[in-house]
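Just so you know, all these numbers are worked out from the coordinates, no wet-lab data involved. Predicted, not measured: the structure shown is a model, and the values here were computed from it. As a convention, Cβ positions derive from the backbone with ideal geometry for all residues, glycine included, and neighbour counts pool all protein chains shown.
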Amino acid sequence: MTQLAAAGDRNFWDWIAYIVEDYWSWLLKGVGVTMFLALTGTVVGVLLGLGVGVVRTIPADRHSAGPAKRVLLKTINVLLGVYVEVFRGTPMMVQAMVVYYGLGMAFQINLNVVTAGLLVVSINTGAYMAEIVRGGIQSIDPGQTEAAKAVGMGHWATMRGVILPQAIRNILPATGNEFVINIKDTSVLMVIGTSELFFQGKSIDGILYQTFPVYLLVAAIYLVLTFSTTRLLRLAERHLEGPENFTLATSSTVPESILRPGGENFGSRARTR
Amino acid sequence: MAAAPAPGDQTSRDDADRSAEGAASVAGVDPSPAEPPGQPIVETRGLRKSFGENEILAGIDFAVHPGEVVSVIGASGSGKSTFLRCVNLLEWPSAGQVLYHGQDVLARGYDVSRFRARLGMVFQQFNLFNNLNVLDNCVIGQVRAAGRPTSEARERALGYLAKVGMERYVRAKPRQLSGGQKQRVAIARALSMEPEALLFDEPTSALDPEMVGEVLAVMGELAESGLTMVIVTHEMAFARDVSDRVAFMDGGVIAEEGPAQAVFSAPEQARTKEFLARFHAG
């Protein structure tokens with residue numbers, strides 16, 4: 001290691017080097033907490049959003065649901081609508097304060113700050129994802145649902161087997177975007193003391209009083225995180241699109257007995273190979 | 001089969017209506033030689049459908065019996081497709097009845113999904129499941145709706161795919177197929193459910209001309225094999241040659257109905273004549 005300059009003589013680059021040298025473990029911990037919150041929060045939020053999106057598309061017309069079921073569905077839809085509006089319409093920083101201190105004061109539930117942060121990020125992401133999922137489901141050709149109905153599949157079987165696989169693929173870019181946003185926006189959780197990257201930077205600054213180098217370093221780390229995440233997601237998307245080609249099955253891969261169904265009543269189109 | 005209707009297979013309301021016919025049958029007179037005897041698989045009575053102010057179907061009485069091939073023809077906008085979609089409840093009728101073996105499928109609590117699984121449907125736009133390959137398109141309904149074990153469903157699907165000449169494409173995704181191939185897979189998907197009747201909603205209207213033939217060939221074979229079919233189509237020559245019966249729709253009602261040869265060679269209604277004149281001229 002290079003000999004570090006004494007505190008009084010350090011220039012800007014010396015400070016950067018000093019922070020990296022002495023506080024790398026703080027920053028690393030911040031990166032870990034930030035990525036944990038962003039990733040887990042996005043995953044939980046997507047699951048929440050999927051649930052809300054699917055429930056909100058349950059048919060509630062007169063012939064597919066009885067009166068009791070319709071009232072129940074309408075009530076649930078109103079509640080889910082309120083959830084989406086409230087959490088999209090208030091800042092996550094405020095939500096963090098309300099959830100963390102509110103749960104403590106009103107219900108004597110004292111969460112640790114990381115759990116509270118995770119809760120806030122998840123619920124917040126869920127509200128955004130609910131709308132994205134709904135759009136994703138609505139973007140699927142209605143012919144897909146009709147074909148599923150025509151073979152006798154119900155709402156859940158249709159959703160699971162046909163609609164959601166296509167909708168999830170369509171909303172993947174938007175989901176990746178939520179993840180990247182969450183990497184940056186978890187920084188607001190420092191108001192409740194969650195030790196994510198920004199909070200760690202603030203702590204280092206509190207010790208060294210070197211605001212500019214500290215936050216420039218923190219900014220650079222955020223940029224590396226978001227940039228590499230974006231690249232990875234794009235790779236994953238391309239991979240998911242699958243190959244353009246398919247292989248023709250031959251008599252060696254399709255059992256001969258199946259190619260020549262004997263004695264059935266639709267004429268014979270069996271192959272000779 | 002010209003015997004009196006078996007007791008108990010009509011609804012009680014019908015018994016009164018049919019008692020006169022029953023007497024005629026006992027006397028050895030076939031009550032209606034144009035229609036096959038026995039109970040229809042599906043029947044509509046006074047079927048109406050409106051979208052807002054717009055009345056598309058203005059009271060349709062129609063029945064399809066086991067083994068029949070019925071074509072529904074008529075100009076665009078005459079309600080043919082809407083009628084077919086009302087039969088398997090993809091559109092909910094505004095009024096009237098849809099009866100499946102005499103049971104009212106519009107009744108509250110009736111298992112609509114099970115009814116639909118007993119009628120296959122082939123769509124104009126194919127509507128293959130885009131996320132599934134050819135084989136799984138023919139398997140998913142069997143497993144998720146009919147509750148068959150996957151291995152059995154696969155074998156059945158392969159059998160029907162072979163019948164439509166698509167068994168070599170089991171691993172292809174729908175977007176990798178031509179229109180004609182997609183429609184043949186869609187037919188195999190419907191057949192895999194082993195339905196009592198198959199509904200075709202303009203199955204060749206979205207196809208390039210050179211692909212119409214391959215789909216019609218498959219449908220012709222199905223008709224010959226004795227499958228019950230209701231075909232909404234603009235392919236007049238096909239309707240004439242393959243159907244037992246033709247229904248001509250105009251303005252939301254069946255304007256004329258009868259044996260295919262009779263309707264095509266000697267239509268009775270002026271509207272039918274006018275419509276078929278274009279076909280005969282072309």
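GNM remark for chain B: springs join alpha carbons under 10 Å apart, and the peak mean-square fluctuation among B:N127, B:N137, B:N88 falls on B:N127.
Across chain B, C-alpha contacts under 8 Å between residues 6 or more apart give a mean separation that, scaled by the residue count, equals a relative contact order of 23 percent. Across region B:203-232, the residues whose backbone nitrogen lies under 14 Å from the label position 7 Å along the beta-carbon direction of B:D241 are B:212-224.
For chain B, a Gaussian network of Cα nodes joined below 10 Å ranks B:I56, B:I73, B:I231 by mean-square fluctuation, and the top entry is B:I56.
Under a model in which nothing but the beta-carbon of Lys, Arg (+1) and Asp, Glu (-1) is charged, region A:23-197 shows a dipole of about 400 debye around its Cα centre. Shielding of peptide A:139-146 by partners, expressed as the average count of other chain Cβ atoms within 10 Å per residue Cβ, is 4.
Summarising the amide proton neighbourhood of B:G120: residues at separation of 5 or more, or on other chains, whose placed amide H is nearer than 5 Å comprise B:E196, B:A197, B:L198, B:L199. Considering only A:G176, A:G51, A:G104, the Gaussian network model of chain A with Cα springs below 10 Å gives its largest mean-square fluctuation to A:G104. Taking 13 Å as the straight-line reach from the Cα of B:K163, the aspartates and glutamates in range (excluding those fewer than 8 positions away in the same chain) are A:E264, B:E155, B:E214, B:E221. Residue order for B:C86, B:C138, fewest other beta carbons within 10 angstrom first, comes to B:C86, B:C138. For region A:23-197, the relative contact order comes to 41 percent (Cα pairs under 8 Å, sequence separation of at least 6). The separation of region B:146-203 from region A:150-164, counted between C-alpha centres, amounts to 17 Å. Can you bin region A:61-117 into rounded, prolate or oblate? Criterion: square roots of the alpha carbon gyration tensor eigenvalues sorted a ≥ b ≥ c, rounded for a/c under 1.5, prolate for a/b above b/c, oblate for the rest. Here region A:61-117 falls in the prolate category.
Sorted on the mean count of surrounding Cβ atoms within 10 Å across their residues, most packed first, peptides B:241-248, A:65-72 read B:241-248, A:65-72. When peptides A:128-137, B:270-279, B:186-195 are sorted by average Cβ neighbour count within 10 Å, with the highest value leading, the order is B:186-195, A:128-137, B:270-279.
Which whole-number percent is the relative contact order of region B:130-226 (Cα, under 8 Å, 6+ apart)?
Over region B:130-226, the number comes to 30 percent.
Could you work out how far the C-alpha centroid of region A:170-188 sits from that of region B:87-141, in angstrom? Cα centroid to Cα centroid, the span is 40 Å. Shape analysis of chain A places it in the oblate category; the axes a ≥ b ≥ c from the Cα gyration tensor give an a/c of at least 1.5, with a/b not above b/c.
Inter-chain neighbour count for B:138-148: the average number of beta-carbon atoms from partner chains within 10 Å of each residue's beta-carbon is 4. When the square roots of the Cα gyration tensor eigenvalues are ordered a ≥ b ≥ c, the ratio a/c for region B:73-217 is 1.5 or more and a/b does not exceed b/c, which makes its shape oblate. Rg and Dmax, both from the Cα atoms of region A:76-227 and both in Å, are 20.3, 69.
If you plug the beta carbon distance of B:H234 and A:L248 into 1/(1 + (r/R0)^6) with R0 = 30 Å, you get a FRET efficiency near 0.35. Looking at the protein assembly as shown, the DSSP beta bridges with both ends there are about 55 percent antiparallel.
Dipole size of the protein assembly as shown about its Cα centre, with +1 on Lys/Arg Cβ and -1 on Asp/Glu Cβ: approximately 1240 debye, rounded to the nearest 20. In this rough spin-label picture, where each label sits 7 Å from Cα along the Cβ direction, the A:Q138-A:R169 distance is 2.2 nm. Among A:T75, A:T125, A:L48, which residue has its Cα furthest toward the positive end of the charge dipole of region A:23-197, with +1 on Lys/Arg Cβ and -1 on Asp/Glu Cβ? The residue sitting farthest along the positive end of the dipole is A:T75. Only alpha carbons enter this Debye calculation for the protein assembly as shown, each as an equal point scatterer, and the log10 of I(q)/I(0) it gives at q = 0.07, 0.11 Å⁻¹ is -0.58, -1.04.
Applying a threshold of 20 Å to the alpha-carbon distances of A:K149/B:K182; A:K29/A:K202; A:K74/A:K149; B:K49/B:K80; B:K80/B:K273 flags A:K74/A:K149 as lying beyond it.
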